[in-house]
Amino acid sequence: MSPALPSLPEALAEQTLRTPDATAIRHQDGTLTYRELADHVTRCASVLHDRGVRPGDVVALQAPRGAPAVLALLGILAAGAAYLPLDPAEPAARASGLFADSGVALAVVDTAACDPPPTAGGITVVPLTELLSAPAASGPPPGPADAGQPAYVMCTSGTTGRPKAVSVPHHGVVRLVRDQWYARFGPDHTVLLHSPLSFDASVFEIFAALLNGGQLVIAPPGRMSPADLGKVLRHYAVTTLYLTASLFRLVVDEEPAALDGVRLLFTGGEAASAEHLERVRRQLPGCRLVNLYGPTENTVSSTMYPIDPHSPVPSPVPIGLPVDGAEVHIMGEDGRPVPDGGTGELWLGGVGLAHGYLGAAGQDASRFVPHFDGVPGHRLYRSGDLGHRRADGDIVFEGRIDDQIKIEGHRVEPGEIEHALRRHPAVADAFVHARRSPGAGQRLVAYLVPRTGAAAPLDARTAREHLAGLLPAYLVPGQYVVLERLPLKENGKVDRTRLPAPEASRAAPERLSPTERQVAGVWCEVLRLDTVGPRDDFFARGGTSIGASRVVARIRGRLGVELPLAVMFDTPTLAEVARAVDAAAGRPAPSPPPAAPRPSAGFTVELSAQQRARLNANRAAADGRTQPVLIVHRLTGPLDVTALRLALDALVARHDILATRYPLVAEPVGVVAPADARHWPLEVRLRPRERHDAEVDALHAEQGFGRRPFDLADGPVVRGLLITDGDRDHLLGLAVDHIAFDELSAELLTTELAALYGEARGTAPAGLGPVTQYQTYARMRAERYAGPKDGGRGPRRRRTAHERVPAALPLPPPRTRPRATGATRTWNGTCPRSAPAADRLAAQGITPNGLHLCVLTRAVSAFAVQERFGFQISQSGRHLPGTDTTIGCLTELAFVHFERTWCADLAELCEKTRRQLVRLATDPPPLAAALAHLRADGHRQEVERLRDRPYLLFHHRQETPVTPFAPDVSLTPLLRPAPRTGARRDPALTVTTRSGPGGGKITVEYVEAAYPREFVADLTDAAADALTDLTTWAGSR
């Protein structure tokens, strides 16, 4: 018999009658009253009823946390069905097993945020948008006949390798949150829903609010840091909060002020920390603390232990007394109750007891056993937890009978992970257990024995990727150890004491000093790594000179420390850089000058030297127009076009440079559009998938999207084109005029666009920091590289200007000065790189950029007729404070000098190259500034002769990993830059080198009318020989 309790829909309907106009739900997009909530729920239930859902059915729900998911959940209950919540990233194989065990016939899915669930067996998928957009219902559909029917099916880890589906009744939830001794929830409670719906704490959060007239605040989707949590708690004035014990410890350690406004705080899911509870008890005397305990099989919580606000917290922290309607018995091995003080297994029962495990009769019978009172139909759940009862009645948890563990509140059965690992063909055996690290809690470690004769070697990456396709993220170990065999005891069980610890340098951040941890966080961001160790070399782990500049900029911004960039090259290990940070901590870092105010109305800005040069060149052209920089990405997945438009507009709103035009006036200036006039035009074309390759070619056509010039005077300087098949295949072309853009801007734009797209969809906050606007950069540059009237710095600038412009370059003079109508030809040569040699070069501070510059220098020296020669080299321009967040044309040219004698000794050549690049990275006086000083010192004719002197321009590109665009949308860059509209008007050869996972590539671009084809071929052959010499030399050291 079911107790005299209402079902969840009935209880919610009763509350709606009491407070129809009170606020029920608050979320990032608005609010809902109880009356509005009831209307939405009835519509959802009607749609489900029309699709065949009947009382007693199980409906899967796969959606990120958010108001739409909560409405769907309540609609499923109102239709009389039970909901089975799935994580948005639930592996398909695991979902299939749950569907089969639970008898799922219909799934409600947020198709924009989740991969499609398995549909074998005739499962119908209803998009969440369809459920929420239904018209008003004529009347409520039939709900459950009584509160004893299933309300939800929650998945837990299983020892057999298959997850268990726990069926929980309505009355179990109602008894937990209404009229309880441990708390009286009511209209004055604002409860935060921040747990995933697939975690049963979400049940407690949702219904503690909605069944008692309180407000349910729904946190934004995705994971939240303690700082993010604090912002949400303060913004919504949350009074009631549940945190797993792990998250509670983290918040208390990292962001204790986040809890200042909370009046009722529950913690549970694993053993509580008396130390952290005591700190909060002392610091927040107005906050009531409650430690809760209970498995899913007895509806979220079976016991509660309120912390005495006037006494120190005992250790261990008790789990307390049974909640109203619950039974907790401490049983001996003989199945009889043990006396108070004796240790036994906790057998749980009462109103909240689950129906059992769906589709697993054997496990059901072993865990859900007849009650010892002998009453027919009465059952108890054998939890496997051990504990004892104190004299005052409170129960103390003592551990587990078996190997089950808790990780961040999630129940983990190591057997399920081991079973999944053994399914890999290269794994002969596996053992998983948790290792506790100081300050880091418990971590799962997998020990693997490789199968003899396996086709592929077994390593951590292989195992991790295999598990990611079978298990949810919390069941995937973070560390892996490969052993020849597992150490065994005499009884045949694994001897845990003989299992080696994982490698500390890759997976023990707790061993880092405070400064090392901060620096490591920056390195991981820049290098896109999970962990780094104190002995790791920045360049050996994939760093570049540009990456080193970013590290220094972020250390400056976050730690307030001015770190010379040379430190990254001279002492490139994490420990050494951290020591340099500590040494420099007493010297304040220079800050970017205060940004000019950004009024809502339009305003004018001064131009940088790069912008003036480009504007003058454009106006000298026949039509006064220019052509764009083109970015093309292939996007695969259910793209939300509306969110994409909003994200593009947000980019223009964020970066003034993208909203600037350049009117035809005597003194060139930029005019920034007002806030309400900023827009990124996006044209959308619907095309079949088979025509997409042809559309990519069309982007580069003579008058196509990628080559159509911009009108800088009237603007805009940006445009976009989306070619889509209307389903999952899309091409996104973004064009920006070069006056507002450069190569590194493209990488930054793609990263920010992905973040803003997620925010526009409501799936995750963008989390983007403040921007140093381009006009602020232009002002910093002008002050640092001022012209002849630059005060005391002028003499030094003028002296160095003479040193940085070489007298001649070792290239043959051009046949004729090329005209704008001349043809352009590109020669490509792919150059393999030896990984061991590259690693050794990296250890010497030679980046891929430096390696290719050494190659080019040695090649050119074969043609040199003078001892001293040099190149022009492009620089990112992002060495000034704060400019790592700046979009715009910051790239500049500088000179590098070499001597023929250096090239004979490869060690000397590498060292000289490294020093040149360090100098340029730390103080790169641009070519334009050097030439201005030469003109001011009376060398105007020499400057003019430079225009006719042959020179070589060197440019290096580091191909970096691409940030995923969205959880359900992949991004593939199509690196096909638009061809030039005409030949170069200067007698230059441009050598562009690229470095990436596949090795290096050298491209030589030249004007065939000016340089003999044979000369360029000889030069590239010499470069290939030089690369072979360098890699052979490095590999033999």
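The values are calculated or read from the model by the stated rules, or taken from the named source; none is laboratory data. Being a predicted model, the structure only gives us computed values, none of them experimental. With ideal geometry, Cβ positions are generated from the backbone for all residues, glycine too; neighbour counts draw on all protein chains shown.
Before moving on, here are some points about what is shown:
- When residues of the stretch 1-32 are limited to those that are among the polar types (S, T, N, Q) and farther than 16 Å from Ala208 by Cα, the one modelled with the highest pLDDT: Thr31
- Taking the stretch 1-103 as the region of interest, the strands (runs of 3 or more DSSP E) fully inside it that hold 2 or more residues being at negative phi and among the hydroxyl-bearing types (Ser, Thr, Tyr) are 30-33.
- Qualifying residue in the stretch 217-237 (condition: within 24 Å of Glu327 (Cα to Cα) and either outside the structural domain of Thr31 (by TED's automatic domain parsing) or touching a Gly at 6+ places or on another chain (Cβ under 9 Å) (or both)): no
- Leu211 being hydrophobic (A, V, I, L, M, F, W, C) and modelled with pLDDT under 95: no
- Residue selected from the stretch 228-245 under the condition assigned to a helix (DSSP H, G or I) and aliphatic (A, V, I, L, M), by the criterion farthest from Gly214 (Cα to Cα): Ala245
- Test: residue in the stretch 354-363 that is touching a Gly at 6+ places or on another chain (Cβ under 8 Å), farther than 30 Å from Asp253 by Cα and either among the β-branched types (Val, Ile, Thr) or not in a loop (DSSP other than H, G, I, E, B) (or both): yes
- Hey, Leu559 hydrophobic (A, V, I, L, M, F, W, C), crowded, with 19+ Cβ neighbours inside 10 Å and at pLDDT 65 or above or not: no
- Hits in the stretch 296-325 - residues which are outside any loop (DSSP other than H, G, I, E, B), among the hydroxyl-bearing types (Ser, Thr, Tyr) and more than 37 Å from the chain's Cα centre (by Cα): Thr303, Tyr305
- Those residues of the stretch 647-668 which are surrounded by 14 or more Cβ atoms within 10 Å (Cβ to Cβ) and not in a helix (DSSP H, G or I), in sequence order: His655, Thr660, Arg661, Tyr662, Pro668
- Index of the failed condition, Asp57 passing every other in (1) crowded, with 22+ Cβ neighbours inside 10 Å; (2) under 23 Å from Thr111 (Cβ atoms); (3) more than 35 Å from the chain's Cα centre (by Cα): (1)
- Residue in the stretch 769-779 that is modelled with pLDDT of 85 or more, surrounded by fewer than 19 Cβ atoms within 10 Å (Cβ to Cβ) and in contact with a Gly (Cβ under 8 Å, 6 or more places away or on another chain) present: no
- Hits in the stretch 723-756 (condition: of a type in the set (Val, Ile, Thr) and either under 18 Å from Gln773 (Cβ atoms) or under 22 Å from the mean Cα position of the chain (by Cα) (or both)): Val736, Ile739, Thr750, Thr751
- Enumeration of residues in the stretch 379-401 that are farther than 14 Å from Glu333 by Cα and outside any strand (DSSP E or B): Arg390, Ala391, Asp392, Gly393, Asp394
- Test for Asp676: is it more than 17 Å from Ala740 (Cα to Cα), modelled with pLDDT under 85 and in a helix (DSSP H, G or I): yes
- Within the stretch 406-425, being surrounded by fewer than 18 Cβ atoms within 10 Å (Cβ to Cβ) and either assigned to a loop (DSSP other than H, G, I, E, B) or on the phi > 0 side of the Ramachandran plot (or both) holds for Glu408, Arg423, Pro425.
- The stretch 17-46, subset farther than 23 Å from Arg65 by Cβ and in contact (Cβ under 8 Å) with a residue 12 or more places away in the chain, residue surrounded by the most Cβ atoms within 10 Å (Cβ to Cβ): Ser46
- Flag if Arg263 is closer than 29 Å to His171 by Cβ and free of Cβ contacts under 8 Å to residues at least 40 places away in the same chain: yes
- Filtered residues of the stretch 702-748 (kept if small (Gly, Ala, Ser) and under 24 Å from Leu890 (Cβ atoms)): Gly706, Ala713, Gly715, Gly720, Gly733, Ala735, Ala740, Ser745, Ala746
- In the stretch 221-242, of all residues being over 15 Å from Arg263 (Cα atoms) and among the small types (Gly, Ala, Ser), the one that is nearest to the chain's Cα centre (by Cα) corresponds to Gly222.
- Qualifying residue in the stretch 874-890 (condition: touching a strand residue (DSSP E or B) at 6+ places or on another chain (Cβ under 7 Å) and either modelled with pLDDT of 80 or more or surrounded by fewer than 18 Cβ atoms within 10 Å (Cβ to Cβ) (or both)): no
- Applying the condition of being part of a helix (DSSP H, G or I), out of contact with any Phe, Trp or Tyr (no Cβ under 7 Å at 6 or more places or on another chain) and of a type in the set (Val, Ile, Thr) to the stretch 891-921 and asking which residue is modelled with the lowest pLDDT yields Thr901.
- Per the listing Glu398, Glu416, Glu345, the residue uniquely closer than 16 Å to Thr296 by Cβ and in contact with a Leu (Cβ under 8 Å, 6 or more places away or on another chain) is Glu416.
- Leu732 vs. criteria at pLDDT 90 or above and outside any strand (DSSP E or B): no
- Any hit, the stretch 738-759, residues being of a type outside the set (Phe, Trp, Tyr), more than 21 Å from Ala613 (Cβ to Cβ) and not in a helix (DSSP H, G or I): no
- Verdict on Leu250 being crowded, with 22+ Cβ neighbours inside 10 Å, of a type outside the set (Phe, Trp, Tyr) and either under 22 Å from Pro309 (Cβ atoms) or at pLDDT below 85 (or both): no
- Residues of the stretch 358-405 that turn out to be surrounded by fewer than 18 Cβ atoms within 10 Å (Cβ to Cβ), among the charged types (D, E, K, R) and closer than 18 Å to Val317 by Cα, as a count: 5
- For the stretch 246-293, the tally of residues that are among the charged types (D, E, K, R) and assigned to a helix (DSSP H, G or I) stands at 8.
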